[in-house]
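Enquirer: A single structure is presented below for examination.
The values are calculated or read from the model by the stated rules, or taken from the named source; none is laboratory data. None of the values given here were measured: they were computed from a predicted structure. Cβ atoms come from the backbone with ideal geometry, glycine included; neighbour counts cover every protein chain shown.
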Amino acid sequence: MWGRLEDDMMKIEAAQNALSSYLDNLDASNQVALRAYGHNREKDCQDSELLVPFNNVSDVKDQIRNRALAIKPTGRTPIGISLMKALEDIGDQEAEIILISDGLETCDIDPCALMKSWRDKDINIKVHVVGLGLTEKEKNTLMCIADVSGGQFKDAQSSGQLAESLKEISIKNESNRLGIKGFTEDGEKIWVHCIVEAAGQTRQEGRSDGRFSVPLGKVNITVGVKTKNDEVYKPVQKTIEITQSGETDVEVVVS
């Protein structure tokens, strides 16, 4: 998190600023909490701490900002254990997790496998992932966390993109949700890579069976299977008309 983004702002500073703006976009009665990892001890895969427990935004906004400003990344990236701890933080509440990371898991738990285990146990917690200055390989790996849990994946290469990504996630409950499922010509369901574009929105990418936040109106989608070279093989392009609020599902046949 000490690296710099395309606009030369340090990643940790961009994350702190974006979090502050994110809190301002939430309804004052929303419940929020703040958990950090890799900020206390080097080489400690258990270094995950609940800095601010769940409470109304209006009551803990300043506390979250102050605690976030004091974070000094020093250690590893224990994403898996942090997600497990976050689930404990949530308890019986209805909640979603926003994970901001500038890199991959550096400890022993595979976060994607963890999300699959949650799904198998009917743990319906969406994990939205905001990647900060990631490489293409890192994007593809972290994207799995969001895809399997039904969350959104955002790619931010600048402080402005980071702030916009969090803003889009903060209003997701007021948005329409598009689900895309891929099938072969023989009717077999397969994982496909999806690109979703709509007027006034940042381009979204993710694997099928995730959900994309979209406006009413025309939405352009590109769907296909990714090759080892990270290219989409024979992409299928469609324009979808979103005519009503809520959930919309689209099935796409690919070669």
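Enquirer: Where residues in region 15-31 are of a type in the set (A, V, I, L, M) and not in a helix (DSSP H, G or I), which of them is nearest to residue 131 (Cα to Cα)?
Expert: 26
Enquirer: Could you tell me which residue of region 61-106 is modelled with the highest pLDDT, considering only residues that are within 18 Å of residue 40 (Cβ to Cβ) and basic (Lys, Arg)?
Expert: For region 61-106, the residue satisfying everything is 85.
Enquirer: Across region 91-105, what is the number of residues that are assigned to a loop (DSSP other than H, G, I, E, B), touching a residue at least 40 places away in the same chain (Cβ under 8 Å) and of a type outside the set (Asp, Glu)?
Expert: The total comes to 2.
Enquirer: Which residue out of 120, 47, 147, 108 is among the charged types (D, E, K, R), surrounded by 21 or more Cβ atoms within 10 Å (Cβ to Cβ) and over 16 Å from the mean Cα position of the chain (by Cα)?
Expert: Result: 47 is the single residue among 120, 47, 147, 108 that is among the charged types (D, E, K, R), surrounded by 21 or more Cβ atoms within 10 Å (Cβ to Cβ) and over 16 Å from the mean Cα position of the chain (by Cα).
Enquirer: Identify the single condition in (1) touching an Asp or Glu at 6+ places or on another chain (Cβ under 9 Å); (2) assigned by TED's automatic domain parsing to the domain that holds residue 140; (3) at pLDDT below 85 that residue 230 does not satisfy, given that it satisfies every other one.
Expert: All conditions are met except number (2).
Enquirer: Checking the structure you have, find out if any residue of region 229-246 is over 21 Å from the mean Cα position of the chain (by Cα), of a type in the set (A, V, I, L, M, F, W, C) and outside any strand (DSSP E or B).
Expert: no
Enquirer: So, of the residues in region 127-140 that are buried (at least 18 other Cβ atoms within 10 Å of the Cβ) and without any contact (Cβ under 8 Å) to a residue 60 or more places away in the chain, which turns out to be nearest to residue 83 (Cα to Cα)?
Expert: Ranking the qualifying residues of region 127-140, first place goes to 127.
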